[in-house]
Amino acid sequence: MEIKIISDVKNQECDILVVNMFEGKETSNEIANEYALKQDKFEGKLGTTYLLPTYGKQSAKKVLVLGLGNEEELNNNKVREAVSKAIKKALQMKAKTVAFDFNGIKFEYADMISEGAMIADYAFDKYKTEKKDHIETLYINADENLVKKGQKRAEAMELTRNIANEPAEYATPEKLAEIALSLGLETKIYNKKECEEMGMTAYLAVARGSAKEPKFIHMKYIPQNPKKRIAIIGKGLCFDSGGMDLKPPASMLTMRDDMSGAACILGVMSKIKEFAPEVEVHGIIAACENMIGPDAYKPGDILTAKNGKTIEIDNTDAEGRVTLADALCYACELKVDEIIDIATLTGACMVALGTHASGIMGNNNELVKKLIEIGEKSGERYWEMPMYKEYFDSLKSEIADMKNTGSRWGGASAAGLFLKEFVTDDVKWAHLDVAGTAFLEKPQKEFIAGATGVGVRTLLNYITEA
Ligand code: BES
Ligand code: MG
Ligand code: ZN
């Protein structure tokens, strides 16, 4: 989708001209006022649409009236969602060119318009012979700078969604490394031997059952005088079969999405130079697969993580935390100020919050609260899960420092407490559990089924606002 900023949207030749209507109020368009509002009593409720022909009386072939609801109650999320509804409608109508004639909408919503439009226009049709429809050109009259910002975030999401949607045979650890290297940043890829030398026994144990070599990825964005230094870590399980504790087929089916955290980090890092924040950002991914094989790690194994702590493997399917343990140790050794990890970590989090919110935990209240606040504005919900120390009881081991899992109950919190064991006290840390939100089985709001790119907007906005 190409976005063109023009001033005279009203008279732009196009397939569909979208005009906004606040509940019960007149629009800037005569046809809309005459037929939608007066004749057919279209109410203009948020996200509703009303399509009208122009019979050659206007430059556009059709006018789509888009309800924006109550003018005073408008916010970022409502603008984005309404815009995406208009785009979905235009796609249904096979429109190729769309113009937005928006009036009475605050200047600062401009980035929501481009972001919402691009999210709604997304399709993953690489493997389809018959390609999906797309809007070719979108004409808008809005602040160019802001429009570009929304566009860049949506492009980052597109990269993330593409990578996470790919089959595991394509999006291998090696492929993720290749993508990381293509982003034009200073990037170091550690192979298996180098990871061994660094003492990443926990991460490497998870990778052992797979024929695909693990790749530990470290991308760096280092500006002149950084205000602070952040590491962002993504769970990078290119496929999670469960390992020796094999998953049943229905649970395994979508496990190519278990690298959604990693895909998010790649999306964020792909745009970091363009956003150019005054913050040092380290993008870290411990990529591998969790498979069964002659050398697969086993229940009862005891592994030593990079910081020397020992883990008794209670269940090989709780592998994400085992890989993240070493990645967190690695990030702590960089002496960064903050670490944010994002992971499709627990089914328990998905059971608790469904697909409408991600879980968040951490060792620093301020950081957690800030991420929740920025997430809310960015169109991503984060809900804080408790980190009561009692949740660690289920992880207590007779023969090692901890088990990787224990009880069926409170699984998201237990996983959070497990990760905390690998974070030093001097660093602020937040953990995002996106098991339920990274990959949708059916369409939801502006998203089609499949990868959502969750985390990209919150992390980019957090980093750039810092
Ligand atoms: N990758 C899964 C978590 C997951 C579940 C992500 C559903 C997306 C959707 C993770 O590695 C896992 O298998 N977790 C287990 C942990 C259990 C064995 C303690 C789970 O949640 O069942
Ligand atoms: Mg698992
Ligand atoms: Zn997993």
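The values are calculated or read from the model by the stated rules, or taken from the named source; none is laboratory data. These numbers come from a predicted model, not from an experiment. Here the Cβ positions follow ideal geometry from the backbone for every residue, glycine too, while neighbour counts run over all protein chains shown. Accessible surface areas use protein heavy atoms only, side chains included; no ligands, DNA or RNA. Shrake-Rupley method; radii C 1.70, N 1.55, O 1.52, S 1.80 Å.
Key figures
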read-out	value
Estimated FRET transfer efficiency (Lys4, Ala211; beta-carbon r; R0 35 Å; 0.05)	0.15
Dipole magnitude of the chain, debye to nearest 20 (Cβ charges: Lys/Arg +1, Asp/Glu -1, about Cα centre)	720 debye
Cα gyration tensor shape for the range 380-466, rounded if a/c is under 1.5, else prolate or oblate	oblate
Residue-normalised accessible area of the range 85-189, given per residue in Å² at a 1.4 Å probe	45 Å²
Inter-probe distance in nm under a simple model that places probes 7 Å from Cα toward Cβ, at Lys445 and Lys193	4.8 nm
Cα gyration tensor category, rounded, prolate or oblate, for the range 155-465 with a/c compared to 1.5	rounded
Förster radius 22 Å - calculated FRET efficiency between His356 and Lys128 (Cβ-Cβ, nearest 0.05)	0.15
Charge context of Val351, other residues only, Cβ under 12 angstrom, K/R +1, D/E -1	0
Between the range 10-63 and the range 218-266, the Cα center-to-center distance that results, in Å	44 Å
Extension gain from Asn145 to Lys309, taking 0.36 nm per residue of separation minus the Cα-Cα distance	54.2 nm
Residue-span extension gain [Lys377 to Asn364] - 0.36 nm each, minus C-alpha spacing	2.6 nm
Full-stretch length increase - Asn103, Leu253 - with 0.36 nm per residue and alpha-carbon distance subtracted	49.4 nm
Long-range HN-HN contacts of Glu421 with modeled amide H, under 5 Å	none
Pairwise label distance in nanometres, Lys45 with Lys88, each label 7 Å out on the Cα-Cβ vector	1.5 nm
Accessible surface of the chain [probe 1.4 Å, protein heavy atoms]: carbon and sulfur percent	49 percent
Under 11 Å, Cβ to Cβ, from Gln12 - net charge with Lys/Arg +1 and Asp/Glu -1	-2
Residues Gln224 and Thr424, FRET efficiency given R0 of 25 Å [Cβ-Cβ distance, rounded to 0.05]	0.40
Structure-based [θ]222 nm, the chain - -39500 (n - 2.57) summed over DSSP H runs of at least 4, per residue, nearest 500	-9500 deg cm²/dmol
